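Peer 1: Sharing a structure below in structure tokens format, with a few things to ask.
The values are calculated or read from the model by the stated rules, or taken from the named source; none is laboratory data. What you are looking at is a predicted structure, and each value in this text was computed from that prediction instead of being measured. We place every Cβ from the backbone using ideal geometry, glycine too, and count neighbours over all the protein chains shown. To get the accessible areas, we keep the full protein, side chains included, count just its heavy atoms, and leave off ligands, DNA and RNA. Shrake-Rupley method; radii C 1.70, N 1.55, O 1.52, S 1.80 Å.
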Amino acid sequence: MIDQIETNLYKLELPLPENPLRSINCYLIKGHERFLLIDTGMNRKECLEEIHGDLSKLSVDLNNTDFFITHLHADHIGLVSKLATGNSRIYFNKIEAGHVKRQGFWKLAYPASLANGFPETEMNRFLEGHPSRRYGPRADIVFFLRSDGDDINIGDYSLTCIETPGHSPGHMCLYDANKKILFSGDHLLGDITPNISALGILNDENPLMDYFRSLGRIYPLDINVVLPGHGGMFNDHRKRIKEIKRHHQIRLDEVASILKDNRSLTAYETASRMPWDINGKWPDFPVAQKWFATGEALAHLIFMRNRGMVNKEMIGGLWYYSRKL
């Protein structure tokens, strides 16, 4: 489905079958001689057919099309290897480029998940069907690496790269200061709060703190419209940032309360005691939702530990967290 946002700027909404997000927004900018496509959808038949149809309707020549990928998740990067040509530039962040080429994320995420209490049988089942392994890019990709503050100019649009780690380690937004437009990827969403997970990170990383800092970078910008990776566009980014911060404060309070009533818990056990917007009880949750919930619980536990609120210790090969007295 195509929506024209303003002159030479279009939203392409692609389906995400069997995914609770239902769809992803890609954005096309028409330049004077070239095109820029921001994110691509998953590497699966339904996305490929939809985007080919949309690009054909907009008279887009892929031989003259460049790509900007906000982050490494399959629904954003998956199709780029099938759409890009030898004449394309694929702009991507430096931090995640190595992960994509080596599938390095799962080399960290698998042992980290087990060490944080995720059952091995459930983890193996989860990986068998995980979209990033099934629907990610297939060919080796040559990236044109971008850093914070770099510019990408296309037609009447002058876009600045803004590093916004949190949802992923190298997530990057695009901001047009003249048109007051933010392409937010999954950093800012209007309908749901982005998942902030600590599974698959290094020991010294604190993704929730990174996310709060990234929100702080976006807050003062002069923005008229936010164009997110999922859901509808929205206007008041400062109001949305305040709502997201309140959400995470509530989560931190929930974790503190859970640890107060329990001597020592893994991240998986903590997540199982937290309230989630899913029907049914924890044993009945889809395994993917359990994994995302565990990762989010762990992000909050790490944040609290760095604030001196909880202890962490290894017992029998598992990491346990307890509230400091």
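Peer 1: Within the set of pairs 6 or more residues apart or between chains, which connect a residue that is on the phi > 0 side of the Ramachandran plot inside the stretch 226-240 to a residue that is outside any loop (DSSP other than H, G, I, E, B) and modelled with pLDDT of 95 or more with Cβ atoms less than 8 Å apart?
Peer 2: Once the first residue is on the phi > 0 side of the Ramachandran plot and sits in the stretch 226-240, its partners that are outside any loop (DSSP other than H, G, I, E, B) and modelled with pLDDT of 95 or more give Gly231/Asn25.
Peer 1: Is there any pair with a first residue in the stretch 49-66 that is part of a helix (DSSP H, G or I) and a second that is among the hydroxyl-bearing types (Ser, Thr, Tyr) whose Cβ atoms are under 6 Å apart and which are 6 or more apart or on different chains, and what are they?
Peer 2: Leu62/Thr85; Asn63/Thr85
Peer 1: If you don't mind, another one. Filter the stretch 20-31 down to the residues that are open to solvent by 40 Å² or more (accessible area, probe 1.4 Å) and part of a loop (DSSP other than H, G, I, E, B), then identify the one that is modelled with the highest pLDDT. Steps first, please.
Peer 2: In the first step, residues of the stretch 20-31 are kept if they are open to solvent by 40 Å² or more (accessible area, probe 1.4 Å); the result is 20-22, 30.
Of the ones still in play, those that are also part of a loop (DSSP other than H, G, I, E, B) are 20-22.
Working: Pro20: 79, Leu21: 82, Arg22: 89.
Going through the qualifying residues, I end up with Arg22.
Peer 1: Condition first: of a type in the set (Asp, Glu) and farther than 18 Å from Phe183 by Cβ. Now tell me which residues in the stretch 217-253 satisfy that. I'd like the intermediate steps shown before the answer.
Peer 2: First pass over the stretch 217-253, keeping only residues of a type in the set (Asp, Glu): 222, 236, 243, 253.
Residues satisfying the conditions are Glu243, Asp253.
Peer 1: Any idea how many residues of the stretch 258-298 are surrounded by fewer than 21 Cβ atoms within 10 Å (Cβ to Cβ), acidic (Asp, Glu) and either within 18 Å of Phe126 (Cα to Cα) or in contact (Cβ under 8 Å) with a residue 40 or more places away in the chain (or both)? Break it down stepwise before answering.
Peer 2: Taking the stretch 258-298 first, the residues surrounded by fewer than 21 Cβ atoms within 10 Å (Cβ to Cβ) are 258, 260-264, 269, 272-289, 292.
Then keep just the ones that are acidic (Asp, Glu); that gives 261, 269, 277, 284.
Subset that is either within 18 Å of Phe126 (Cα to Cα) or in contact (Cβ under 8 Å) with a residue 40 or more places away in the chain (or both): 269, 284.
Summing the residues that are surrounded by fewer than 21 Cβ atoms within 10 Å (Cβ to Cβ), acidic (Asp, Glu) and either within 18 Å of Phe126 (Cα to Cα) or in contact (Cβ under 8 Å) with a residue 40 or more places away in the chain (or both) in the stretch 258-298 gives 2.
Peer 1: Has the stretch 228-236 got at least one residue that is within 26 Å of Ser23 (Cα to Cα) and either in a helix (DSSP H, G or I) or more than 20 Å from the chain's Cα centre (by Cα) (or both)?
Peer 2: Yes - at least one qualifying residue is present in the stretch 228-236.
Peer 1: Residues that are at pLDDT below 95, touching a helix residue (DSSP H, G or I) at 6+ places or on another chain (Cβ under 9 Å) and surrounded by fewer than 15 Cβ atoms within 10 Å (Cβ to Cβ): does the stretch 140-162 have at least one?
Peer 2: yes
Peer 1: Further, regarding this structure: Anything in the stretch 68-105 that is assigned to a helix (DSSP H, G or I) and in contact with a Lys or Arg (Cβ under 7 Å, 6 or more places away or on another chain)? List them, or say none. Break it down stepwise before answering.
Peer 2: Of the residues in the stretch 68-105, the ones assigned to a helix (DSSP H, G or I) are 74-77, 80-83, 94-102, 104-105.
Once the filter is applied, which keeps residues that are assigned to a helix (DSSP H, G or I) and in contact with a Lys or Arg (Cβ under 7 Å, 6 or more places away or on another chain), the stretch 68-105 yields only Ser81.
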